[in-house]
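Here is the structure we will look at.
The values are calculated or read from the model by the stated rules, or taken from the named source; none is laboratory data. The structure presented is a predicted model; accordingly, all values stated were derived computationally and were not measured. Virtual Cβ from ideal backbone geometry, glycine too; neighbours counted across all protein chains shown. Accessible surface is based on the protein model in full, side chains and every heavy atom, while ligands, DNA and RNA are left aside. Shrake-Rupley method; radii C 1.70, N 1.55, O 1.52, S 1.80 Å.
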Amino acid sequence: MTSYNKPHLSYQNQIDLLKNRGLIIHDEAYAITKLKHISYFRLSAYFLPFQSAKDTFDHGITFEQIIDLYHFDKELRLLTFGAIEKIEIFLRTSLAYILSKHTKAFGYTQEENFCARDGDFAWLKDDIAKETGRSKETFIKHFRDNYCDSDLPIWMVVEIISFGTLSKLYSMLCPPIEKEILDGIGLPSFVFKNWLHVFSYVRNLSAHHSRLWNRQFVIKTKIPKHKKEFTGMVNDKYYTFAVMTHHVLRSIHDTFDMKSELLNLFAKYPDIDLEQMGFVDGWGGIAVWK
């Protein structure tokens, strides 16, 4: 193990280093402008697909190709975040409505209303308290100023807690309550719970500007075996995530068209290698997208 000793490089030094490694840079002024807006370190993640040998760009690779890939990935993240937001709001709305219907406004604070493993509910309740306690939302201040209750009603809670905590709350629902949410989605409970975990994971990647293109997902998607159109899919690529997102959006009758959004993005960046995301030729005609 050695000490880290890489030096600071000026923008011109960065350009010189890239050129020495074989990258074609037609317009150095343009490249420097981009490096001022996108750090060399962040952009370096997009160098790797163009390097068959370490620190050496393949023949003919240009700076513009790398920037195109970077911008494609950025737009893919925005598209992805928007799609997940639709599912997230549906889940927040459904949880608030169904839990309050069955357990009243504060029923979420009582362990007997859930089917949780030992210790899980205490963790959830503590996490909800922390997240609601640090919220600065105006409606929270209004509630505190006008009511003596220490807990917030569930329809306020679901608007504040993180998607991760929301997913944990969902995972502790008892079957009769969960069934009301699952009706129409057409998925087994254990599959949808896994999908929510995947949605939360990909949402965090998108929110933190992490790469989606060619990423191998750490959280694996459970493939519903009862649906033939899902047969043969790998469970750790963006393509499968896109399919599951499309399925849920269609099931909840949302107007966001995942297929059209992706096709438009791919048409804008025709040189992007979609196989790195798990897409195959003719994917839009496969039964799962119809």
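A few notes on this one:
- Only one of the listed residues (Val218, Val234, Val243) is touching a helix residue (DSSP H, G or I) at 6+ places or on another chain (Cβ under 8 Å), of a type outside the set (S, T, N, Q) and within 11 Å of Val198 (Cβ to Cβ). That residue is Val218.
- In a residue-by-residue description of the range 187-198, the property of being among the aromatic types (Phe, Trp, Tyr), over 15 Å from the mean Cα position of the chain (by Cα) and within 19 Å of Ile89 (Cα to Cα) applies to at least one position.
- Flag for Pro224 being without any contact (Cβ under 8 Å) to a residue 60 or more places away in the chain and either surrounded by fewer than 20 Cβ atoms within 10 Å (Cβ to Cβ) or more than 29 Å from Gly133 (Cβ to Cβ) (or both): yes
- Residues (open to solvent by 70 Å² or more (accessible area, probe 1.4 Å) and either touching a strand residue (DSSP E or B) at 6+ places or on another chain (Cβ under 6 Å) or not basic (Lys, Arg) (or both)) located in the range 1-12: Met1, Thr2, Ser3, Tyr4, Asn5, Pro7, His8, Tyr11, Gln12
- Among the residues of this structure, Leu124 does not count as one that is assigned to a loop (DSSP other than H, G, I, E, B) and under 21 Å from Ile89 (Cα atoms).
- Within the range 25-46, being touching a Phe, Trp or Tyr at 6+ places or on another chain (Cβ under 7 Å) and under 10 Å from Phe63 (Cβ atoms) holds for Ile25, Ala31, Leu35, Leu43.
- Verdict on Leu173 being open to solvent by less than 70 Å² (accessible area, probe 1.4 Å), outside any helix (DSSP H, G or I) and under 19 Å from His197 (Cβ atoms): yes
- Qualifying residue in the range 184-203 (condition: touching a helix residue (DSSP H, G or I) at 6+ places or on another chain (Cβ under 8 Å), under 15 Å from Leu76 (Cβ atoms), open to solvent by less than 30 Å² (accessible area, probe 1.4 Å) and modelled with pLDDT of 95 or more): yes
- When residues in the range 249-290 are screened for being loosely packed, with under 10 Cβ neighbours inside 10 Å and either on the phi > 0 side of the Ramachandran plot or polar (S, T, N, Q) (or both), 3 of them pass.
- Any chance Ile87 is farther than 18 Å from Trp213 by Cβ, crowded, with 18+ Cβ neighbours inside 10 Å, within 22 Å of the chain's Cα centre (by Cα) and modelled with pLDDT of 95 or more: yes
- Applying a threshold of 6 Å to beta carbon distances and a minimum spacing of six or more residues, or different chains, the list of pairs starting in the range 247-270 at a residue that is under 13 Å from Lys290 (Cα atoms) and ending at one that is polar (S, T, N, Q) reads Met258/Thr245.
- Test for Ala242: is it assigned to a helix (DSSP H, G or I) and open to solvent by 70 Å² or more (accessible area, probe 1.4 Å): no
- Filtering Glu180, Glu159 for residues that are in contact with a helix residue (DSSP H, G or I) (Cβ under 8 Å, 6 or more places away or on another chain), modelled with pLDDT of 95 or more and open to solvent by 20 Å² or more (accessible area, probe 1.4 Å) leaves a single hit, Glu159.
- Number of the condition not met by Asn113 [criteria: (1) open to solvent by 60 Å² or more (accessible area, probe 1.4 Å); (2) within 30 Å of Met172 (Cα to Cα)]: (1)
- The set of residues in the range 32-63 that are open to solvent by less than 60 Å² (accessible area, probe 1.4 Å) and part of a helix (DSSP H, G or I) comprises Ile32, Lys34, Leu35, Tyr40, Leu43, Ser44, Pro49, Phe50, Phe63.
- Close pairs (6 angstrom Cβ cut-off, 6 or more residues apart or separate chains): farther than 17 Å from Ile66 by Cα in the range 1-28, open to solvent by 70 Å² or more (accessible area, probe 1.4 Å) and at pLDDT below 95 anywhere: none
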